[in-house]
Amino acid sequence: MGVPNAAKQRLMDVEMRVMKQIDDARKASGMSQEQLAELIGVSQGQVSRMLAAKSPASLAETIKLCDAVGLDLAAVVARAESSAG
């Protein structure tokens, strides 16, 4: 039995909101995607795909992204969940 479509959509919405918060923090700090990629050990292209939610980030990658831009993962997820309908 798979995950119901509504649950899948909610997960996608939360993921998109998490990545938007990370990207907003990156931009606010003046950090380039290339710099962020170097900090977390992936390519700039991979960072671009993760931030656009086109390529799902693993939990470890999401933690690294949050750490690199100075965000608390729990707070980011809580905000994303509360705004995801």
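Overview of results
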| read-out | value |
| --- | --- |
| Average Cα contact separation per residue, the stretch 7-82, under 8 Å, 6 or more apart, as relative contact order % | 37 |
| Gained length - Ala7 relative to Lys27, 0.36 nm times residue gap less alpha-carbon distance | 4.2 nm |
| Directionally averaged projected area (convex hull, Cα atoms, the chain), nm² | 5.7 |
| Inter-label distance for Lys54 and Lys20, nm, one decimal - labels placed 7 Å from Cα along Cα-to-Cβ | 1.8 |
| Residue-by-residue Karplus 3J(HN,Hα) for the stretch 32-45, coefficients 6.51, -1.76, 1.60, Hz, glycine and proline x | 7, 4, 5, 5, 4, 4, 4, 5, 9, x, 10, 6, 4, x |
| Radius 10 Å from Cβ of Val47, net charge of other residues (Lys, Arg +1; Asp, Glu -1) | -2 |
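Just so you know, all these numbers are worked out from the coordinates, no wet-lab data involved. In this text the structure is predicted, and so the values were computed from the model without any measurement. Note that we place each Cβ from the backbone using ideal geometry, even for glycine, and neighbour counts take in every protein chain shown.
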